[in-house]
Amino acid sequence: MKKITVSILTTLLMLSMVFSSSVFAAEKEQSAWDSFLGLFSAKTAATSDVGVEYRGHIQNIGNYPLDGTWIQGPTELGTEGKSLRLEGFWIRLNGEVPAGAHIEYQVHVQNVGWMDPVQDGAFAGTEGKSQQIEAIKISLVDDEGVQLKDYSVVYTGHVQNKGDVGPYTNGEQLGTDGEFLRLEAITVEIVQNPADLDAYEAALAAVKQADYTAASWTTYQAVVNANKMTEDNLQSEVDAATANITAAQANLVKVLKVDSVSASNLKEINVVFNNTVDKTTAETAANYVLSNGALGAVTPVLQADNKTVILTVATAAAQQATTDVTVKNVKDTNGTVVVETKKTVTFFDTVAPTVSKVEVTGPKALRVTFSEPIKSVPTFLLNSGSYSVTPTFVAGSKTIDLTLGATLPNGTQSLEVSGGQDYANFGVVKATTTFEYATDTTAPTATVSKATETVVTLKFDKLVKITGVNGTDVTAYHSINNAATYKGTLAAVSADSNGYSDTYTATFTAPIPAGTGKVMYLNTTANKFEDKWGNDVASASYTFDVITDTTTPAVTLIEATGTNGTAQKELTVTFNKEVVQADAQNKANYVLKDASGNVVTTTAFADVDTNGKFNANATLAYTNTNKQVKISFTNVLKAGDYKLEVSNIKDTTYAANKMTTQTVAFTVADKIAPTVGATTYSSGTNHVLYVSFSEAMNAADITNPANYAVSIGGVSKSLPTGSTVEIVNSQQAKVTILGTATYPVATNVVTVQVAGTVKDLAGNAIGGVVGNSTNTVTWGTASTYAITPAAKQVKLIAKNQLQLELNRELSAIDVTKFTVTNADGLTVAGATYVNNSGKSLVTVTLSGDLTTTDLTRITNLVIADGGVTTSEGLVLSGGPATFTVAGTHFEDKLAPAIKAVETTDTTHMTLRFTENLKAGDVSNLTFGVAGNTVTAIDNTTANVVVLTLGTAIGTGDVPVVTQLLNIRDTNDNVLAAGTAVIATSDKIAPVVVGTPAITETTAGHWGQTLGDKVVITFSEAIKPSTLNIAGIAANGDTSAAIASPTANVFAAGKLGVFATPAAGANIATVETTVNLDSTGTIVTITVTKVGAAVDSPAGAFTRGAGITDLAGN
């Protein structure tokens, strides 16, 4: 904050000056006073960083200061009381002088008058002529001579016979003119002007945050924060800040809002937005939802102001009818989506329809536009009936086309319209409208409105039609005219009933190269391509640019758009650009998921398959006009939050850009009316009715006794006074009638009725006058509870648990009444329940685990009478509830599991599962083997997977197996990828590695000498206990040499004789030791004793026990 320069002392001096007896005339005195007050107003001038200094030429003294220095303002220059005149000045600025700033001064000199102004230290006045300065004007100006905004110059003086005068500012005259009075002294000071913030503050107040998008407001606020101003700022700074803020406001993006919704008649609703809107979204019917289903579908049309949309309802409303209109998803021209808005509209038409316009649309055609849709056709008289007219009328339209019996002459014509009615049954106001008829002789022209590599779109200035042979009389080529390779096919877009259109496309098989300055040639023949007046389209060439579109398509919005009969049975998926229809309608490109990202399967929603893809119950229809695919369901999609995965969809560009997989969240609102369910009766001291509903209900509605009645023999009776209603749960109410009430009487069969105005939590009413319970009850006879088994009601959720949902909340459960018949001999160990929204979830726990994860070991679940008691106190009765696997009452919800992983041989591993796997679900990519590769799989046995390994493993290796992909059982239960796999078991027998090493004293006579050895190396560690061999026999006799052992003597995992002896041979008994080394893989057999030869029958010998590895192979 800059300091105020005027001190209290100075103030007092100035006051004495203003009110002294030597002040100027009143006019001057008032000006001085005003200037003085200005210095002390709310916006007080402050000392600036710009200074001023000056020198003067004084009578009898000369140039002053004498030493050549400058006096710093506001120090006085001159004398007082010495009668010495000032004869000249030098004045200049110092300090922080703004660029282009100048101090300009002009003096009035004795006998000379006003001299020319000078600036910035130039001399003003005279020297050596003894001529007094009588007056001076001082200003601060820019290079153009315009007064500076930011600073002022303030100056005072001492004048002969007048004394001190001033202060004066910015070019005001100090001194006298024509009074011959000398100026004797002067002070000069530069002050900063107080900034005027009015425009700045008005700019800030011009916009409100609520009207703009958050992103654009944040950007705007950054500009505001960078341009904060106070009165201490320079005016130029304030002006620049104001300009910056105003410029930033131009970039603010308005929040698109609905300004108003009103019914202008019984067929039309006007929706007015606060900003111009995008035509495509504004004319998308799904973006407007009417609560009054009787009005049917709406047809939206954007009006010429691009802010108003007129919705025409399919069925006219009745007078005083109302409807809620919800507007959503409409975008403005910047792409901002409208704030979803609901407004209530009342239809009330008191105005008769009138003719708004009559247009000439062809040589023998007129179009009459009315102020509102017409229900019945009026009568038309053209030129007082001189010409016949034939109307083409569609009830509900605001326009009627007239075909004339003859061509009219050029000039003014008249059309009288009378009769006909609007939908309020008001007749059209009878009136005659004049219009001008003039023959159109102007040839149609066209421009290229859009161009891609394969399609060029021509937009004509009027409706035209190919009347000749398309492709012969009228042709289109690109790049080279009449070159067959570059020939295209012309087609009208949205032609009228007579084939006329203002838009044509030329589609080319040979693509147009991307780039600028491309050319298309349109060749026409006389009278073969013309407007309605017969004016020919001339042959022409069109230049345009083709830019390759590389933008991938994407989903911008998914919403549940169904209403009334299609409520919760329709989704609309909107893309950011046109996509290939076949892709958009391909059900395989969509996967429905719940809010947590889990796939929704057929059991949860019947219109998808087990993979969450839409099945035959769903229908997909795509339209390029609004870039939307509508997914229609046969069944109701339950209210809640969902996600839809969309993939593999390409756009329609030549590049055929394919979208990346997107998962988009959406919500299905509850739009389904609730229904009254079953009612139970419990007698006792009081009469009690338990009334159930199809969904969670509004508590205030279902606890109001006035909303209930009972119907006896078709006669509805309100509840007796004193009846009460309380909530059992969100879907059930307890109605109590005092026991003293005699109504209804015993044995009456009654139906419970609930008022149609009763609503669910979403506000949907039951509808109609009343909703009736789905059953009747007999007054005085307590209801019973029975369970009727349903398909897939019992679910296997764990190897030791079953779960089933019952349609009532429970108050007790008797586990002794539960039995499960199964092949594993398990019993029921426990049963619990959890109540929720009128239902209960019962969990049955078995005494142990089933040996499989499917239903093959289970036969049935039986709940005997008394097994459960409902919250109303009803005990299960009427015979046991028997759920059977054979009767499809069970559903396997348990994922498969791997129960064994084994090495089969050195190139195979076997995985054994707890149940059969889904055929084709496993591949060589499903599993990984540490340090190896899987080259093939075999799932011939449905619960066994054999892996073929790329690299042989050792007989004792146990590689770690990992699961890389999901695996499903035959019921689509998923064993998720990454699930821990149990340890691998060694199932490969050890083998002898190489040839045993034999050591014998006498060559060819092993075993005759102590110390003879055999060393055998195995492929893996051997179990020591399997090497406990009593002895080894060797064949031979006393007269013959004993044969050396051969490689096959240790076959089949045995240590024993080398060969079978011949009959009657002498057998020598050999005793040995068997030693195993520290690795467990090397066995050494050493001869420790050689016995005497004995006779023995053929084949008599001893044999060692079977050798196994550590795993027992």
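The values are calculated or read from the model by the stated rules, or taken from the named source; none is laboratory data. Every value quoted in this text rests on a predicted model; they were computed, and no experiment measured them. Methodologically, a virtual Cβ is constructed for each residue, glycine included, from the backbone with ideal geometry; neighbour enumeration extends over all protein chains shown.
Based on what the data block shows, is GLY767 exposed (fewer than 15 other Cβ atoms within 10 Å of the Cβ) and over 30 Å from HIS687 (Cα atoms)? So GLY767 fails the test.
Looking only at residues of the range 1075-1092 that are modelled with pLDDT under 75 and aliphatic (A, V, I, L, M), we find that the one that is surrounded by the most Cβ atoms within 10 Å (Cβ to Cβ) is VAL1087. The set of residues in the range 576-586 that are in contact with a strand residue (DSSP E or B) (Cβ under 6 Å, 6 or more places away or on another chain), outside any helix (DSSP H, G or I) and not charged (D, E, K, R) comprises ASN576, VAL579, VAL580, GLN585.
A single member of ASN482, ASN498 is part of a loop (DSSP other than H, G, I, E, B) and either closer than 15 Å to SER539 by Cβ or among the hydroxyl-bearing types (Ser, Thr, Tyr) (or both), and it is ASN482.
In the range 452-480, the residues that are among the aromatic types (Phe, Trp, Tyr) reach residues that are in a loop (DSSP other than H, G, I, E, B) and modelled with pLDDT of 95 or more with C-beta atoms within less than 6 angstrom, at least six apart or across chains, in these pairs: PHE460/PRO444.
In the set (1) aliphatic (A, V, I, L, M); (2) in contact with a helix residue (DSSP H, G or I) (Cβ under 7 Å, 6 or more places away or on another chain); (3) under 17 Å from GLN793 (Cα atoms), the condition left unmet by VAL862 is number (2). Scanning the range 587-626 for residues that are within 14 Å of LYS638 (Cβ to Cβ), in a loop (DSSP other than H, G, I, E, B) and of a type in the set (A, V, I, L, M, F, W, C) returns ALA595, VAL600, ALA604, PHE605, ALA606.
Determine if the range 60-74 includes at least one residue that is aromatic (Phe, Trp, Tyr), assigned by TED's automatic domain parsing to the domain that holds GLU104, under 19 Å from ILE186 (Cβ atoms) and modelled with pLDDT of 50 or more. Yes, some residue in the range 60-74 is aromatic (Phe, Trp, Tyr), assigned by TED's automatic domain parsing to the domain that holds GLU104, under 19 Å from ILE186 (Cβ atoms) and modelled with pLDDT of 50 or more. When restricted to residues that are of a type outside the set (Phe, Trp, Tyr) and surrounded by 16 or more Cβ atoms within 10 Å (Cβ to Cβ), the range 825-838 contains 5.
This table checks each residue for (1) polar (S, T, N, Q); (2) assigned to a strand (DSSP E or B); (3) under 43 Å from the mean Cα position of the chain (by Cα).
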position: VAL360; (1), (2), (3): no, yes, no
position: THR369; (1), (2), (3): yes, yes, yes
position: ALA395; (1), (2), (3): no, no, yes
position: LEU415; (1), (2), (3): no, yes, no
position: ALA431; (1), (2), (3): no, yes, no
position: THR434; (1), (2), (3): yes, yes, no
position: THR441; (1), (2), (3): yes, no, no
position: PRO444; (1), (2), (3): no, no, no
position: VAL448; (1), (2), (3): no, yes, yes
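Meeting the requirement of 1 or more residues that are among the hydroxyl-bearing types (Ser, Thr, Tyr), farther than 18 Å from LYS398 by Cβ and modelled with pLDDT of 90 or more, the strands (runs of 3 or more DSSP E) wholly within the range 274-316 are 288-290. Considering the range 898-925, and only residues there that are in contact (Cβ under 8 Å) with a residue 60 or more places away in the chain and acidic (Asp, Glu), the residue that is farthest from ALA952 (Cα to Cα) turns out to be GLU915. What residue, among those in the range 189-222 that are touching a residue at least 12 places away in the same chain (Cβ under 8 Å) and of a type in the set (D, E, K, R), is nearest to GLN72 (Cα to Cα)? Checked the range 189-222; the qualifying residue nearest to GLN72 (Cα to Cα) is GLU189. Taking the listed residues LYS587, LYS593, the one that is in contact with a Lys or Arg (Cβ under 9 Å, 6 or more places away or on another chain), modelled with pLDDT of 95 or more, within 23 Å of ASP969 (Cβ to Cβ) and surrounded by 15 or more Cβ atoms within 10 Å (Cβ to Cβ) is LYS593, with no other qualifying. Among the listed residues ALA263, ALA248, ALA241, which satisfies the condition of being over 30 Å from ILE631 (Cα atoms) and touching a strand residue (DSSP E or B) at 6+ places or on another chain (Cβ under 6 Å)? Just one listed residue meets the conditions, ALA263.
Count of the range 800-845 residues, restricted to those that are closer than 21 Å to HIS889 by Cβ and in a loop (DSSP other than H, G, I, E, B), is 8. May I ask you to say which residue of THR566, THR572 is among the hydroxyl-bearing types (Ser, Thr, Tyr), touching a residue at least 60 places away in the same chain (Cβ under 8 Å), over 30 Å from LYS518 (Cα atoms) and crowded, with 17+ Cβ neighbours inside 10 Å? That would be THR572, the only listed residue that is among the hydroxyl-bearing types (Ser, Thr, Tyr), touching a residue at least 60 places away in the same chain (Cβ under 8 Å), over 30 Å from LYS518 (Cα atoms) and crowded, with 17+ Cβ neighbours inside 10 Å. Determine, yes or no, whether LEU637 is crowded, with 19+ Cβ neighbours inside 10 Å, in contact (Cβ under 8 Å) with a residue 40 or more places away in the chain and not assigned by TED's automatic domain parsing to the domain that holds THR736. In short, yes. Being without any contact (Cβ under 8 Å) to a residue 24 or more places away in the chain and assigned by TED's automatic domain parsing to the domain that holds GLY125: is that true of GLY178 here? Against the criterion (without any contact (Cβ under 8 Å) to a residue 24 or more places away in the chain and assigned by TED's automatic domain parsing to the domain that holds GLY125), GLY178 qualifies.
Has the range 897-917 got any residue that is part of a strand (DSSP E or B), closer than 30 Å to THR784 by Cα and small (Gly, Ala, Ser)? Within the range 897-917 (the criterion being part of a strand (DSSP E or B), closer than 30 Å to THR784 by Cα and small (Gly, Ala, Ser)), the answer is no, since none of the residues qualifies. As a summary of the residue check, ARG367 satisfies the conditions (1) surrounded by 14 or more Cβ atoms within 10 Å (Cβ to Cβ); (2) within 16 Å of ALA438 (Cα to Cα); (3) touching a residue at least 60 places away in the same chain (Cβ under 8 Å) except for the one numbered (3).
With the requirement that a residue be buried (at least 19 other Cβ atoms within 10 Å of the Cβ) and without any contact (Cβ under 8 Å) to a residue 60 or more places away in the chain, what does the range 510-523 give you?
Residues of the range 510-523 that are buried (at least 19 other Cβ atoms within 10 Å of the Cβ), as a first pass: 512, 518, 520-522.
Once the filter is applied, which keeps residues that are buried (at least 19 other Cβ atoms within 10 Å of the Cβ) and without any contact (Cβ under 8 Å) to a residue 60 or more places away in the chain, the range 510-523 yields only TYR521.
Hey, does the range 176-184 have a residue that's over 20 Å from SER236 (Cα atoms) and part of a strand (DSSP E or B)? Yes, the range 176-184 contains a residue that is over 20 Å from SER236 (Cα atoms) and part of a strand (DSSP E or B). For the range 788-805, the criterion of being more than 30 Å from VAL750 (Cα to Cα) and of a type in the set (Val, Ile, Thr) is satisfied by at least one residue.
Residues that are under 30 Å from GLY1112 (Cβ atoms), within 38 Å of the chain's Cα centre (by Cα), surrounded by fewer than 18 Cβ atoms within 10 Å (Cβ to Cβ) and hydrophobic (A, V, I, L, M, F, W, C) do occur in the range 975-992, at least one of them.
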